[in-house]
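Working notes for the structure below.
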Amino acid sequence: MVERRELDRGLAELPGLTRSPLLDTPAAALNQAFAWAVRRDAAGVRADPGAGLPDWGADEFAELLDRVRSFRRIGSAAAPEPSWLLREVVAGLFGVRADAEGGRFELRPWLPEGWRSLALRRLRCHRTLLDVLVRVRADWTTVRLELSFGPPIPLSVGLRNGRTIAQITIDEIPLDGGRAVFTLRGRHEVMFFFRGEDSC
């Protein structure tokens, strides 16, 4: 028991492990509610296994925003369950799950209309912590990933909505297919270039 406490104390002293997960989006109410939920269940910001990503789209996104706006106006009386809120952000908005095809982690963000960026910091994938930054532009979307603690992880990165993808690059290297599959070590940048004739 003493050894376990010493190990936990040693891990807590490592840079980055004592900071809380952070959500940064254009929706201030969502960021505030996420911070509230993290204070109650920091371990909930993680990739969970599942048969597939939840059926998540515009209706689920609108419900999430409605609930966090109520929380912001009314306070904890209107607070969503912390585990529900964290799951909606991690698995819903960012499309993260563990144990995907081939034992990989999967990251497939849903791109809200009008948002130019969204970020999730200190996302736990088993023993690994990573930061995710998504930037949306008219002709491309960039997903920047940084492993901040733990071992490298196998990862599949794609998008769940938006325009038809013409090309994908990872660290400026062109790839075939509709997603990037690689081992996350350090920092990586995945770019999704859209076809010019498509509309959002």
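The figures follow:
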read-out	value
Per residue solvent-accessible surface (Å²) - the stretch 26-158, probe of 1.4 Å	45
Accessible carbon and sulfur surface of the stretch 92-200 relative to its total accessible area, %, 1.4 Å	46
Extension gain, Ser83 back to Phe149 (0.36 nm per residue minus Cα-Cα distance, nm)	21.4 nm
Cβ-Cβ FRET estimate between Thr183 and Ser20, R0 fixed at 25 Å, reported to 0.05	0.40
Separation of the Asp66 and Asn161 label points, Cα + 7 Å toward Cβ, nm	1.5
Relative contact order [Cα under 8 Å, 6+ residues apart], the stretch 149-200, whole percent	44
Percentage relative contact order, the stretch 40-194, counting C-alpha pairs under 8 Å, at least six apart	19
Convex hull (Cα only) mean projected area of the stretch 78-177, reported in nm² to one decimal	7.6
Amide H contacts of Phe149 (H built 1.01 Å from N, under 5 Å, at least 5 apart or other chain)	Leu129
Environment charge at Pro80 (Cβ cut-off 15 Å; Lys +1, Arg +1, Asp -1, Glu -1)	+1
Asp59-Gln32 FRET efficiency (beta carbon distance; Förster radius 30 Å; 0.05 resolution)	0.85
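The values are calculated or read from the model by the stated rules, or taken from the named source; none is laboratory data. Values in this document were obtained by computation on a predicted structure and should not be read as measured data. Methodologically, a virtual Cβ is constructed for each residue, glycine included, from the backbone with ideal geometry; neighbour enumeration extends over all protein chains shown. In case anyone asks, the SASA skips ligands and DNA or RNA and just uses the protein heavy atoms, side chains included. Shrake-Rupley method; radii C 1.70, N 1.55, O 1.52, S 1.80 Å.
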